[in-house]
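The values are calculated or read from the model by the stated rules, or taken from the named source; none is laboratory data. Since we're looking at a predicted model, the values are computed, not measured. When we count neighbours, we look across all protein chains shown, and the Cβ atoms used for this are built from the backbone with ideal geometry, even at glycine. In case anyone asks, the SASA skips ligands and DNA or RNA and just uses the protein heavy atoms, side chains included. Shrake-Rupley method; radii C 1.70, N 1.55, O 1.52, S 1.80 Å.
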Amino acid sequence: MCGIVGYVGGREATPFLIEGLRRLEYRGYDSAGLAVVAPKQIQICRSVGRIENLATRVGSDVFEGTVGLGHTRWATHGPPTEVNAHPHVGGDGEVVLVHNGVIENFVRLKGDLQEKGYVFKSATDSEVIAHLIAEGLKQFSTTDAKEPHAPYVAAVKWALAQLKGTYGLAILFRDQPDILIAARFGSPLVVGVGRGEYFLGSDSSPLAGHTDQIVYLADHQLAVLTRTGFTVQHRDSGIISPNIETVEL
């Protein structure tokens with residue numbers, strides 16, 4: 001089982017991401033990585049092997065930022081190499097994501113995207129999703145001052161509708177640096193609700209000690225997390241009222 005963590009808030013994201021990945025080590029993995037939003041770019045670090053390898057690399061660089069995500073991977077499509085480790089990048093860097101699950105129709109989608117000029121760097125099915133969302137952003141590029149996140153949510157929904165298989169996704173955007181979008185179908189995701197900060201995990205273990213307010217996403221649901229709040233949406237029917245549970249972690 002792969003692992004996902006994410007953070008949006010007012011403190012540095014990297015310590016939580018590394019801590020959360022360590023708490024997910026029990027799932028087993030062969031590589032790990034994280035991404036943190038910085039001004040006009042998303043910083044990415046990946047490594048093969050133990051979380052400590054990743055922590056050492058991150059410690060030697062400046063990974064500052066208050067929005068980020070992390071991932072531990074069991075190799076499925078492609079061997080356990082650094083280039084196949086998550087996060088994966090879409091387009092020219094405007095989309096960065098991590099993915100749990102298996103995309104059954106990725107070969108056809110990859111061929112379609114290659115015909116449109118997208119260049120693939122990994123052997124994974126997950127990179128297809130990143131490029132597909134980047135393609136969606138071209139179709140939903142209209143900006144609205146009242147709803148600046150709307151094109152990004154629309155691009156994600158457009159991409160998800162084309163996928164066959166399972167996914168738990170956490171997605172960052174270079175040009176909309178204040179949001180993290182999560183999406184689930186067949187691969188669990190949990191949102192942690194804090195005070196001025198929000199957490200994401202493939203299970204609740206990374207959230208322990210940070211919050212006891214939990215939202216379990218259901219299939220076909222998306223969560224849009226920002227420092228000022230979060231919404232939960234159904235892929236097809238729009239915003240819904242989330243069920244926030246208080247649990248002992």
* Structure fact -> Measuring from its Cα centre, region 8-147 shows a charge dipole (+1 at each Lys and Arg Cβ, -1 at each Asp and Glu Cβ) which, in debye to the nearest 20, is 200
* Cβ-based charge dipole, the chain, positive-most Cα from THR72, LEU21, ALA134 -> ALA134
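Within a Cβ distance under 11 Å of ASP203, other residues only, what is the Lys/Arg minus Asp/Glu net charge?
It works out to a net charge of +2.
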* Structure fact -> Most fluctuating of PHE120, PHE199, PHE173 in the GNM of the chain (C-alpha, under 10 Å) is PHE120
* Would you calculate, for the chain, the mean residue ellipticity at 222 nm contributed by helices, counting each DSSP H stretch of 4 or more residues as -39,500 (n - 2.57) and dividing by all residues, to the nearest 500? => -6500 deg cm²/dmol
* What is the sum of charges around GLU12, taking Lys and Arg as +1, Asp and Glu as -1, for the other residues whose C-beta is under 14 Å from the C-beta of GLU12? -> -2
* Among PHE106, GLN43, HIS210 - extreme Cα towards positive end, dipole of the chain, charges at beta-carbon -> PHE106
* **Set of lysines with alpha-carbon distance to LYS146 below 21 Å, sequence-local pairs under 8 removed** => LYS138, LYS157
* If you roll a 1.4 Å probe over the chain with all protein chains in place, what percent of the accessible area is carbon or sulfur? -> 51
* To do: Using the Cα centre as the reference, give the magnitude of the dipole from point charges on the C-beta atoms of region 94-202 (Lys, Arg: +1; Asp, Glu: -1; all else neutral), rounded to the nearest 20 debye.
  => 160
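Taking 8 Å as the Cα distance limit and 6 or more residues as the minimum spacing, I'd like the relative contact order of the chain as a percentage.
Computed value for the chain: 19 percent relative contact order.
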* Structure fact -> Checked region 81-153 against the a/c 1.5 cut and the a/b vs b/c comparison, axes a ≥ b ≥ c from its Cα gyration tensor; verdict prolate
* **Residue-normalised accessible area of the chain, expressed per residue, 1.4 Å probe, Å²** => 42
* Which entry in [x] 64; [y] 44; [z] 49 matches percent of Cα pairs over 23 Å apart derived from the coordinates of this structure? -> [y]
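Taking the Cβ-Cβ separation of ARG57 and ALA123 as r and a Förster radius of 22 Å, what is the calculated FRET efficiency to the nearest 0.05? Each step should come with its number before you reach the end.
Values: r = 22 Å, r/R0 = 1.00.
Computed FRET efficiency for ARG57 and ALA123 comes out at 0.50.
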* So if R0 is 30 Å, what FRET efficiency would GLN139 and ILE240 give, r being the distance between their Cβ atoms, rounded to the nearest 0.05? -> 0.75
